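Trainee: Submitted below is the structure of interest, expressed as structure tokens.
The values are calculated or read from the model by the stated rules, or taken from the named source; none is laboratory data. Predicted model, so just to flag it, every value in this text is computed and none were measured. FYI the Cβ positions are ideal-geometry reconstructions off the backbone, even for glycines, and counts take in every protein chain you see.
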Amino acid sequence: MKKRKFTHLIPLLHLLHLIHLIPLIPLLLSGFSLSAQTDTLKVMQYNLLNYGNNTGYCNTTNNNINDKNACIRTILTAYYPDIFTVCEVGRSSNLPNDFVNNNLNINGVTYWKTSAGANSANSSLTNCIFYNSDKLTLTAHHMAQTYIRDVDVYDFKFKNDNSGNIVLTCVVAHLKAGDSSDDEQKRATMATNIMNYLENHYRECNVLIMGDFNLYNSSEPAYQTLTNQTVYQNSYFIDPVYPYGVGYWNNNSYYKNYHTQSTHGNNDSSCHSSGGMDDRFDFILMSENIYGGRDGIRYVNGTYNALGQDGQRFNKSINSPSNQAVSQEVANALFNNSDHLPVTMEISVTYNIGVNEYQDNNLSFDFFPNPTNDKINIRFYQDNIGKANILLINTLGQIVYSNDVFVNDNVSEHVITVENLPKGIYFLRITNTDGLIGTSKIIVE
């Protein structure tokens with residue numbers, strides 16, 4: 001089976017939710033099938049910092065679990081996920097259910113569930129997953145590897161999927177911490193173990209891998225292993241912030257929008273790491289299947305985010321000066337609960353509830369840069385030779401650009417010149433002979 005290239009596509013219903021533009025609705029809805037239902041799920045990954053684990057330096061005084069629960073409940077008001085994966089939970093088997101009861105199934109909510117804990121590596125810290133059981137059914141829990149710490153693998157099906165064929169796998173990993181060459185090599189070993197497992201068991205599947213990877217730059221062997229398209233061509237991962245958030249992010253202000261650690265600027269806690277925001281340790285990466293939306297699940301373009309990261313935190317605390325991304329209450333909770341920020345993203349799930357109109361629609365596309373001031377580069381890929389129609393539409397619903405392009409049996413590229421267009425928001429709409437492929441928002445500045 002030929003591998004499709006990266007795609008970058010905002011699902012139609014998500015776009016309509018964002019723009020609320022009545023004049024565009026008839027145009028954008030053309031070609032959309034009533035035989036499919038789309039839902040959007042929110043995903044969050046968070047290092048809880050020794051939750052329920054007394055290390056001596058993190059203890060019941062400076063890392064009290066009741067205080068942490070209050071912070072977590074506040075943080076969840078800013079982003080309430082459907083899938084919530086966490087690292088650094090103590091080894092007590094009671095902690096996952098206690099977490100559900102204290103932080104999730106509260107105020108009349110009853111749908112949150114968790115998986116039975118596991119600790120094959122016999123570590124003092126474990127991973128956990130919490131999920132919305134109104135939308136998801138957990139079907140399996142495996143271990144990808146147990147070197148240093150367990151790497152957990154969770155398989156889900158969707159309650160609204162009548163076919164039962166759409167499966168999402170979440171891999172939760174906490175790689176070895178430390179900046180020595182030995183620590184780097186141990187992270188690489190863990191990553192290799194993970195990828196060998198996935199290549200053997202989850203080839204070309206809908207997989208998210210998330211966790212605290214403790215990576216100082218994208219050249220580290222662990223990162224290169226996770227994203228290696230040559231060695232792991234059936235299971236490699238894609239970084240949602242590629243290329244802008246990928247590079248030497250350690251103590252580099254260029255990557256200030258992507259840093260997730262540390263929330264503390266000063267040495268004011270023996271438990272929390274200090275020094276301010278200057279590392280990108282926390283990740284959610286996606287398989288090519290999800291990036292391309294090939295099997296019912298697609299990444300919602302532009303939704304990846306470090307919660308509370310407003311780009312003004314380099315070597316500073318998350319709550320001082322005033323945070324522009326979240327409320328002061330949430331910023332204080334992020335500061336007090338952990339020295340990491342949660343990372344979040346959205347995925348759209350298209351359930352087959354009738355005839356799957358787009359089953360044979362293999363066209364996918366990527367576009368860049370966005371925002372732009374002179375041109376839009378569109379990269380197409382499809383398995384069969386054919387044509388694609390490109391429309392650029394302004395916010396009044398007027399077509400400002402239209403062209404039919406030929407797409408060959410490989411990667412094809414097309415350039416739209418926009419330097420003479422008024423600044424503002426436009427919508428890139430792509431169709432082929434099978435119908436609507438997708439609509440994405442473009443900003444011309």
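Trainee: I need the strands (runs of 3 or more DSSP E) fully contained in the stretch 50-136, keeping only those with at least 2 residues that are within 27 Å of residue 168 (Cβ to Cβ) and touching an Asp or Glu at 6+ places or on another chain (Cβ under 9 Å).
Mentor: Strands (runs of 3 or more DSSP E) meeting the threshold: 83-90, 125-132.
Trainee: Search the stretch 123-141 for residues being free of Cβ contacts under 8 Å to residues at least 40 places away in the same chain and within 25 Å of residue 196 (Cβ to Cβ), and hand back the single one that is surrounded by the most Cβ atoms within 10 Å (Cβ to Cβ).
Mentor: 126
Trainee: Please enumerate the residues belonging to the stretch 238-272 that are hydroxyl-bearing (Ser, Thr, Tyr) and at pLDDT 95 or above.
Mentor: Passing the criteria: 248, 253, 254, 255, 258, 260, 262, 263.
Trainee: Related question: Can you name the residue in the stretch 144-203 that is in contact with a helix residue (DSSP H, G or I) (Cβ under 7 Å, 6 or more places away or on another chain) and of a type in the set (Lys, Arg) and, of all such residues, is farthest from residue 235 (Cα to Cα)?
Mentor: Among those residues, the one meeting the criterion is 176.
Trainee: All but one of (1) touching a residue at least 24 places away in the same chain (Cβ under 8 Å); (2) surrounded by 15 or more Cβ atoms within 10 Å (Cβ to Cβ) hold for residue 165; which doesn't?
Mentor: For residue 165, the exception is condition (2).
Trainee: Ok, one more. Can you tell me which condition residue 227 does not meet? The list is (1) more than 19 Å from residue 196 (Cα to Cα); (2) among the hydroxyl-bearing types (Ser, Thr, Tyr); (3) modelled with pLDDT of 95 or more, and all the others hold.
Mentor: All conditions pass for residue 227, except number (1).
Trainee: Could you run through the stretch 156-178 and say how many residues are under 30 Å from residue 38 (Cβ atoms), touching a Phe, Trp or Tyr at 6+ places or on another chain (Cβ under 9 Å) and either in a strand (DSSP E or B) or outside the structural domain of residue 123 (by TED's automatic domain parsing) (or both)?
Mentor: Residues in the stretch 156-178 being under 30 Å from residue 38 (Cβ atoms), touching a Phe, Trp or Tyr at 6+ places or on another chain (Cβ under 9 Å) and either in a strand (DSSP E or B) or outside the structural domain of residue 123 (by TED's automatic domain parsing) (or both): 9 in total.
Trainee: For the stretch 110-120, which positions are more than 25 Å from the chain's Cα centre (by Cα) and modelled with pLDDT of 95 or more?
Mentor: Answer for the stretch 110-120, where residues must be more than 25 Å from the chain's Cα centre (by Cα) and modelled with pLDDT of 95 or more: just 110.
Trainee: Here is a further query. List pairs: first in the stretch 61-82 and touching a residue at least 60 places away in the same chain (Cβ under 8 Å) and in the same structural domain as residue 42 (by TED's automatic domain parsing), second exposed (fewer than 15 other Cβ atoms within 10 Å of the Cβ) and not acidic (Asp, Glu), Cβ under 7 Å, 6+ apart or cross-chain?
Mentor: 62/270
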